[in-house]
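Enquirer: Got a structure here, written out as C-alpha cells. Questions coming.
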Amino acid sequence: MPFHTSSPIQPIVIDGGRVIDPAHSMDRIARLLIVDGHIAAIDPSNGDVPGDAHWIDARERVVTPGLVDLGAELRQPGREEDETIQTGSDAALAGGYTSVLCCSNTNPVIDSAAAVELVTQIAQRVGGVRVYPIACLSKSREAEQMAELAILAEAGAIGFSDSPRPMPNDALLKRALDYCRMFDLPIFDRPEVPGLAEGGVMHDGQVSLVLGLKGLPTEAEDLAVARDVRVAEATKGRLHIGPVSTMGAIDMIGRVKSRGIAVSASVCPHNLHGSDALLRSFDARFKVHPPMRSPAHVESLQQAVADGTIDAIQSGHMPRAGEKKGNDLDESPFGAATLETTFAAVVTDMIRTDILSWTRAIECLSTNPAKIAKLPAGTLGIGAPADVAIINPESSWTVRASEFMSRCQSTPMENRELFGRVTHTIVGGRLLFVCVEESAIVA
C-alpha cells in the first residue's frame, strides 16, 4: 500500500555496515544503494551512485531489513488515550520497525470494510511505518458469528484475529480456517481457554501462591494450543499461534511441525527474559499478557526460538494510559509499551548471551514475520522495497519510559540497561527516524 510524506524520495547510500539479510543468506560488510524507494544495488561503485545521494556512514553498525511486527495494538480509533497511529508509528520507527500489523481491538472494532479503510487512511496520512490492519475473526469480536472475511480481505485486511481475545468457539475457528484457504490469508489466535484464565493476574505457580494472587495456569494456554494445532491439521488452513509462553505449547507446536503441519508461532521479548518473580514487587508494569512464567518456561522459550520451533518474535505492544496502569495490580489492565525496546532486548538477552546468532535474530524479527503475513518485506534483495534498520550493536542505554515516543509509559524494561540502539529507520526509501547522540528525530 502507498505511503506519502511531504519530503521527496532521495537516493541513499548506506556505506560500510555489516549487512545481514537472512532471505539471501547474506552477512558481510557491504554498501547498499537505494533509489526510487527500492534497493537498487549492493556494492555499487562510486561512479554508479547518483550525485544527489544522501550518504550514511554505517561503519561498526548492523544493517538489516526493517523489522516486521505480527501484532501491535495501535488503539485508534476510539482509544486514543492509550495510543494513536501517529504515536504508535513513531514508537515503531524508533524500534527499527518498518511494518506493523495492527490489532482489531479499536473502537469500533475492525469488523467492517469501512473500519479497515479508516485505519489504512489514517496510516497513509501519518506517512510513517507501514500499517497493515488485522480484521476481526468474529463479528464484534464476540466469538459467535464469523465476520464477513471476504469483504474484509477485499478492503485490505491482511489476516484475521480477535486478539488479544482468544477464540473459544471451536466450530467458528474451523470454518474460518477452511474459508480463508480461498484467499490465502492467515488467522492469528492468542491461545487461551477463557474459563481457566478468568480473573488471573500472573503466572499460576509458587510465586502467585505466596503473593496470594490468582494465577493464569499454563493449562489455559496448553489446551488452546492443542485445539489450534489439531484444527489447523484438519483444515490445512494458515494458522499463526501466539504469542505463546509455556513449555506445553512449545512441545505441541514442535510435534505438529515435525509432521509437516503448516502452523507458525511467536513469542514476546519479555517472555524471553523476565520471570514471574518480578511480580513480587506488585508493580503493574510487569503485568503483561501472556504473563511472565517461571524460569523453566523462559529457558524453554529461548531454546525454542533458537531451534526454530518458534518462528518469530513479536513486540506484544499493548499500550495502556498511565491512569489505567497506575491502579493496584489486581485492577490494572494487562499491557505495556514494547515497540521501542524489542530489538534491544533481543540483542541483550539473546544475541549477547550467544543463544541466537544475528542472522537468526533478524530472521525472527523481520524475515519470518514477513513470510507469515505474506508482506513484501523482510529482505534487502535488489528490487525489494527499501525498508531498512541500522543499529549500533555496542551502544548501551538505560530504558526510560518517560522518553518513549509511545503514549504508554509503562514497560517491564524500565531502568534496564540494554545493548543495541537503532540509529536509522528507512521506510520505502525515506529516512524517517534518526537517533543522534541520545536525541531521536522522527521525520
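The values are calculated or read from the model by the stated rules, or taken from the named source; none is laboratory data. These numbers were taken from a predicted model, which means no experiment stands behind them. Backbone-built Cβ (ideal geometry, glycine too); neighbour counts: all protein chains shown.
Enquirer: Scan region 139-157 and give yes if some residue there is under 25 Å from A377 (Cβ atoms) and not in a helix (DSSP H, G or I), otherwise no.
Expert: Yes, there is a match, as at least one residue in region 139-157 is under 25 Å from A377 (Cβ atoms) and not in a helix (DSSP H, G or I).
This table checks each residue for (1) free of Cβ contacts under 8 Å to residues at least 12 places away in the same chain; (2) among the hydroxyl-bearing types (S, T, Y); (3) in the same structural domain as A155 (by TED's automatic domain parsing).
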{"site": "N46", "(1), (2), (3)": "yes, no, no"}
{"site": "R79", "(1), (2), (3)": "no, no, yes"}
{"site": "A94", "(1), (2), (3)": "no, no, yes"}
{"site": "S112", "(1), (2), (3)": "no, yes, yes"}
{"site": "V129", "(1), (2), (3)": "no, no, yes"}
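Enquirer: Which numbered condition trips up M350, out of (1) surrounded by 21 or more Cβ atoms within 10 Å (Cβ to Cβ); (2) under 23 Å from G159 (Cα atoms)?
Expert: So M350 meets the others, but not (2).
Enquirer: Just to be sure before I move on: is R165 in contact with a Lys or Arg (Cβ under 7 Å, 6 or more places away or on another chain) and buried (at least 16 other Cβ atoms within 10 Å of the Cβ) in the structure I sent? First the steps, then the outcome.
Expert: Numbers: in contact with a Lys or Arg (Cβ under 7 Å, 6 or more places away or on another chain): yes; buried (at least 16 other Cβ atoms within 10 Å of the Cβ): yes.
Here the answer is yes, as R165 does meet what is asked.
Enquirer: Inspect region 173-183 for any residue being surrounded by 15 or more Cβ atoms within 10 Å (Cβ to Cβ) and assigned to a loop (DSSP other than H, G, I, E, B) and give the result as yes or no.
Expert: no
Enquirer: Something else about it: Assess whether A265 counts as being surrounded by 24 or more Cβ atoms within 10 Å (Cβ to Cβ), in the same structural domain as A176 (by TED's automatic domain parsing) and not β-branched (V, I, T).
Expert: Details: surrounded by 24 or more Cβ atoms within 10 Å (Cβ to Cβ): yes; in the same structural domain as A176 (by TED's automatic domain parsing): yes; not β-branched (V, I, T): yes.
Spelling it out, A265 is indeed surrounded by 24 or more Cβ atoms within 10 Å (Cβ to Cβ), in the same structural domain as A176 (by TED's automatic domain parsing) and not β-branched (V, I, T).
Enquirer: So which of F343, F404 ends up being closer than 19 Å to A265 by Cα, of a type in the set (F, W, Y) and touching a residue at least 60 places away in the same chain (Cβ under 8 Å)? Walk me through it before giving the result.
Expert: Values: F404 fails: closer than 19 Å to A265 by Cα.
Among F343, F404, only F343 is closer than 19 Å to A265 by Cα, of a type in the set (F, W, Y) and touching a residue at least 60 places away in the same chain (Cβ under 8 Å).
Enquirer: Hey, could you check region 198-216 for residues that are under 14 Å from P166 (Cβ atoms) and at pLDDT 95 or above and say which is surrounded by the most Cβ atoms within 10 Å (Cβ to Cβ)? Even if it seems obvious, please write down each step before you answer.
Expert: Going through region 198-216, the residues under 14 Å from P166 (Cβ atoms) turn out to be 198, 200, 216.
Imposing the further condition that a residue be at pLDDT 95 or above reduces the set to 200, 216.
Values: G200: 19, L216: 27.
The residue in question is L216.
Enquirer: I've got another one for you. L278 fails exactly one of the following numbered conditions: (1) of a type outside the set (S, T, N, Q); (2) free of Cβ contacts under 8 Å to residues at least 60 places away in the same chain; (3) farther than 23 Å from D184 by Cα. What is the number of that condition?
Expert: Result: L278 fails condition (2) only.
Enquirer: Turning to a different aspect of this structure: Of a type in the set (F, W, Y) and either farther than 24 Å from Q314 by Cα or not assigned by TED's automatic domain parsing to the domain that holds H317 (or both): which single residue out of F160, F183 fits that description?
Expert: F183
Enquirer: Also, quick follow-up: Does region 307-331 hold any residues that are of a type outside the set (A, V, I, L, M, F, W, C), on the phi < 0 side of the Ramachandran plot, surrounded by fewer than 19 Cβ atoms within 10 Å (Cβ to Cβ) and part of a loop (DSSP other than H, G, I, E, B), and which are they? Outline the logic, then answer.
Expert: Residues of region 307-331 of a type outside the set (A, V, I, L, M, F, W, C): 307-309, 311, 314-317, 319-320, 322-328, 330-331.
If we keep only those that are on the phi < 0 side of the Ramachandran plot as well, we get 307, 309, 311, 314-315, 317, 319-320, 322-328, 330-331.
With surrounded by fewer than 19 Cβ atoms within 10 Å (Cβ to Cβ) added as a condition, the list becomes 307, 322-324, 326-328, 330-331.
Selection gives G326, N327, D328, D330, E331.
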